Amino acid sequence: MPALYNLARADKLPDAFAIIGVDHNDQTTQAWRQNLTETMQAFARAGGREGKGEAIDEHAWSWLVGRMHYMCGDFTTPDTFSQLGKLLADQQQRQNGTANVLFYLAVADRFFGPVIEQLGRAGLTRQSEGAWRRVIVEKPFGHDFASAEALNAQILRVLSEDQIYRIDHFLGKETVQNILVLRFANGIFEPLWNRDHVDHIQITAAETVGVEARGRFYEQTGALRDMVPNHLFQLLAMIGMEPPISFDADAVRAKKTELFHAIHPISSDDAVRGQYDAGMVLGQKVRGYRQEPNVAQDSTTETYVALKLGIDNWRWAGVPFYLRTGKHLSARTTEIAVQFRQAPYALFRDTPVERLPANILTLRIQPDEGLSLSFSAKCPGAEIEIDGVEMDFAYRDYFAPLASVGYETLIYDCLIGDATLFQRADTVEAAWCAVQGLLDAWARTPATDFPNYAAGSAGPEAADRLLARDKRIWLPIRGNHTHGRQSA
Ligand code: BG6
């Protein structure tokens, strides 16, 4: 709803726009509108996710709320769908005759297949000239390779691939989209973007939140399923894929899929799992995962995962990709660091310089969106001494922030039929396939050392050992970027 509200404010929705909300709660359209108005007001006051409070834009909201209608219905009964069909037909008559319909499945994942089948049976997915029918499917798309494949097969019996928009909300983030522009619209990066010049890549999605009220869901899911084959792999794809021939949806998605197919099977030796214990996060005392509501006292569900991935292609063979994500870590940050190969040292043998700091290009996805490049500079003075310095670009210094909760672009793109930022069936399956071996291995041998990291820390020590083995270290998890100094 906040995304639709932002789209309404930016004048991006057509006049003939209307929403029909379907749910099993018995309530009137009036009550539904009232409820959403209160929620939106509270959301705007709290300043959305960024905490910059403001009053709701009454004009935009009343434009939107006046177009909302509520229908009470059970997703499992055919009646609901015939009634919905009638409402859609009424709506079409009332509003300039548009017959385009987008079904947005913001429902528990067990309903994705059944709802789409019912939509198909009721004839609601049939398209004709000037009347498209599209479906947005939320996450999680399957819980492993087999279930994702089965769900694709089930929904592809009803819909054609170009009607399905599988969401991964990371792709709605402006800075994630910008990775492709950075790589392909600039002449300086792409020639270096390969195993001849890159030493390794680190992808971090650190969260300060715990599982919040989602214990029941999270117990079945864990950090690997929840974040890796979807969100982290989207970042991996953007940073690692070959250049697509155009921004056409299929051109981009084909390259991503190829990259996922090139991921080397992940051995358990290259993976670390963790679970948070009680601790202090951002100055607040928090409980351990096993003490969270709806979580088993002896739970072996992981809330942290770190992986070393290899990509078997000409560009990346031999370049490790280290991925990590976890709940209740020391700071909230999502970033990608590309560390370049060390310069040869010979020239500095007879100087006081003991070590040359590495060049690291850091792409900050959130919260402090930007880019920095660290390199070596000579300290002023007679002696040759080197210090690490940084060039930094922050989005906020150049561009006015757009009101965004991350779903605006995705909803808008679906309305205009651009599927570039959505997952294709084969991409989702390739991603699951890449982590399936590890999911199986972890299911066979539950962790025995949980909890193994304190809430508010940087994660389990075993994650440090994973990199130490390769004589590397994780970059510090920093929330707000500050111009850093790397000492030589
Ligand atoms: C969701 C996961 O898909 O992404 C959550 O289920 C996670 O567990 C969230 O917290 C992270 O998204 P963001 O946009 O807050 O980084």
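The values are calculated or read from the model by the stated rules, or taken from the named source; none is laboratory data. Everything numeric in this text was worked out from a predicted model, so none of it was measured. Here Cβ is always computed from backbone atoms with ideal geometry, including for glycine, and neighbour counts include all displayed protein chains.
Overview of results
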| quantity | calculated |
| --- | --- |
| Close pairs from segment 211-235: first hydrophobic (A, V, I, L, M, F, W, C), partner part of a loop (DSSP other than H, G, I, E, B) and away from the ligand (no atom under 11 Å from the Cβ), Cβ under 8 Å, at least 6 apart | Val211/Glu292; Val211/Val295; Ala213/Pro293; Ala223/Glu302; Leu224/Glu302 |
| Any hit, segment 336-349, residues being closer than 13 Å to Thr175 by Cα, within 16 Å of the ligand (Cβ to nearest atom) and in contact with a Leu (Cβ under 8 Å, 6 or more places away or on another chain) | yes |
| Residue in segment 340-355 that is modelled with pLDDT of 95 or more and outside any loop (DSSP other than H, G, I, E, B) present | yes |
| Tally, over segment 207-229, of residues that are closer than 15 Å to Leu309 by Cβ and near the ligand (Cβ under 7 Å from one of its atoms) | 1 |
| Search result, residues across segment 23-75 that are in a loop (DSSP other than H, G, I, E, B), under 28 Å from the mean Cα position of the chain (by Cα) and loosely packed, with under 15 Cβ neighbours inside 10 Å | Ala46, Gly47, Arg49, Glu50, Gly51, Lys52, Gly53, Glu54 |
| Test: residue in segment 365-382 that is in contact with a helix residue (DSSP H, G or I) (Cβ under 9 Å, 6 or more places away or on another chain), within 16 Å of the ligand (Cβ to nearest atom) and either on the phi > 0 side of the Ramachandran plot or in a strand (DSSP E or B) (or both) | yes |
| Selected residue (only one of Ala443, Ala434 is in a helix (DSSP H, G or I) and surrounded by fewer than 17 Cβ atoms within 10 Å (Cβ to Cβ)) | Ala443 |
| Pair list, Cβ < 6 Å and 6+ apart or interchain, from segment 370-381 residues that are surrounded by 15 or more Cβ atoms within 10 Å (Cβ to Cβ) and polar (S, T, N, Q) to residues that are modelled with pLDDT of 90 or more and assigned to a strand (DSSP E or B) | Ser372/Thr362; Ser372/Glu390; Ser372/Asp392; Ser374/Ile360; Ser374/Glu390 |
| Tabulated pairs, segment 397-411, first modelled with pLDDT of 85 or more, second within 16 Å of the ligand (Cβ to nearest atom) and β-branched (Val, Ile, Thr), C-beta under 7 angstrom, 6+ apart or interchain | Leu410/Ile167 |
| Segment 273-306 - residue that is among the aliphatic types (A, V, I, L, M) and crowded, with 24+ Cβ neighbours inside 10 Å and, of those, nearest to Ala454 (Cα to Cα) | Val305 |
| Check on Arg355, among the basic types (Lys, Arg) and over 18 Å from Glu335 (Cβ atoms) | yes |
| Pairs where the first residue, in segment 353-367, is charged (D, E, K, R) and the second is away from the ligand (no atom under 16 Å from the Cβ), C-beta under 7 Å, 6+ apart | Arg355/Ala488; Arg364/Gly370; Arg364/Leu371; Arg364/His481 |
| The lone exception for Arg157 - which of (1) surrounded by 14 or more Cβ atoms within 10 Å (Cβ to Cβ); (2) within 29 Å of Gly437 (Cα to Cα) it fails | (1) |
| Residue in segment 160-175 that is touching a helix residue (DSSP H, G or I) at 6+ places or on another chain (Cβ under 7 Å), away from the ligand (no atom under 15 Å from the Cβ), over 16 Å from Asp109 (Cα atoms) and of a type outside the set (A, V, I, L, M, F, W, C) present | yes |
| Per-region count, segment 207-251, residues touching a strand residue (DSSP E or B) at 6+ places or on another chain (Cβ under 7 Å) and assigned to a loop (DSSP other than H, G, I, E, B) | 3 |
| Among the candidates Tyr289, Tyr322, Tyr276, residue that is among the aromatic types (Phe, Trp, Tyr) and under 30 Å from Ala262 (Cα atoms) | Tyr322 |
| Residue in segment 255-280 that is nearest to Val176 (Cα to Cα), counting only those that are of a type in the set (Gly, Ala, Ser) and in contact with a Ser or Thr (Cβ under 9 Å, 6 or more places away or on another chain) | Gly274 |
